[in-house]
1. Of all residues being in contact with a strand residue (DSSP E or B) (Cβ under 7 Å, 6 or more places away or on another chain) and outside any loop (DSSP other than H, G, I, E, B) in segment 154-176, which is modelled with the lowest pLDDT? Just the residue, please.
2. Can you pull out the residues in segment 237-273 that are aromatic (F, W, Y) and not in a strand (DSSP E or B)?
3. Please list, ordered by first then second residue, the pairs with beta carbon atoms under 7 Å, 6 or more apart or interchain, first in segment 50-65 and β-branched (V, I, T), second crowded, with 16+ Cβ neighbours inside 10 Å and modelled with pLDDT under 95.
4. Looking at segment 220-268, which of the residues that are without any contact (Cβ under 8 Å) to a residue 60 or more places away in the chain, basic (K, R) and surrounded by 15 or more Cβ atoms within 10 Å (Cβ to Cβ) is farthest from P168 (Cα to Cα)?
5. Do we find a residue being modelled with pLDDT of 95 or more and of a type in the set (D, E, K, R) anywhere in segment 249-264?
6. Taking segment 134-153 only, how many residues are crowded, with 23+ Cβ neighbours inside 10 Å and part of a loop (DSSP other than H, G, I, E, B)?
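The values are calculated or read from the model by the stated rules, or taken from the named source; none is laboratory data. Worth saying up front: this structure is predicted, and the values here are computed from it rather than measured. Here the Cβ positions follow ideal geometry from the backbone for every residue, glycine too, while neighbour counts run over all protein chains shown.
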Amino acid sequence: MRDRVPVVVQGSGRRGRRAGLAGVLWAGAELIVTVGVVVLLLVVHQVWWTNRLAAAGAQERVRALERSWGDGPDRGSGAGAGAGVGGVPAAGPEPSGPEPSGPADSGAAPAATRAARPAAGTGGPAGPSARDRAYAVLRIPRLGLVVPVAQGVDKRAVLDKGYAGQYPGTAGPGAQGNFALAGHRNTHGEPFRYVNRLRAGDELIVDVRGRRFTYVVGKILSETTERDTGVIAPVPRSVVKPDQGYSEPGAYITLTTCTPEYSSKYRLVVWGTLLKSS
């Protein structure tokens, strides 16, 4: 009778280790794909969906303003220094609350600006609720832009709605001083996305109940810091680049937004002067 030779199967433990490693790698790959899909959805929501919602809401607000103005326009009594806009005295310095610390970005405004109350007497409603109510319409023919203007530069209450926000304490439309506005360049309606395309001589039109103020672009500051408070001063002049801006009193408009795109590192500034009112 022959002796049986035991057969030893080699590598079964090695195959098990390989199978375990493959399972870990597969689970890791699934996790990476899942995270990637979630991130992609967040990007789509932030860049595309918020744009659609804010832009649609802003245009509806423009239509509502125009309907209300059509019911009973009030042409007011002039647009010079201290003159009224739609029968309301032009804005001056805020009676209380901190002044803006610099041009707002396309996201959160500087802390001091967020704390400030809406500027008084710019034709909008009085009180805290004025922060989320538009009172004027900015039109930029070169860009095909029509956007509502509200008091304040609070991110959630104004800018994220696709509005242009008026810096607290700055002059009212058509008044002597600086009518200074901030707006998103990217996301949330991005009304100021293409203001870098503006050129000297382009018109910036501001409509308030029964009145129209036409400004003309004069100067553009392609880059400055977020703390450059001079750009929204009554006589706008950069404190970072003192050779940029104006030196004489007048009726100015200022548009501020972030630059470069999808970044809040610097500010882009467009200045204009009042051409006519009607």
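1. Only one residue fits best here, namely L159.
2. In the first step, residues of segment 237-273 are kept if they are aromatic (F, W, Y); the result is 246, 252, 262, 266, 271.
Within segment 237-273, Y246, Y262 qualify.
3. T50/T187; T50/H188
4. Per the criteria, the residue is K241.
5. Checking segment 249-264: not a single residue is modelled with pLDDT of 95 or more and of a type in the set (D, E, K, R).
6. 2
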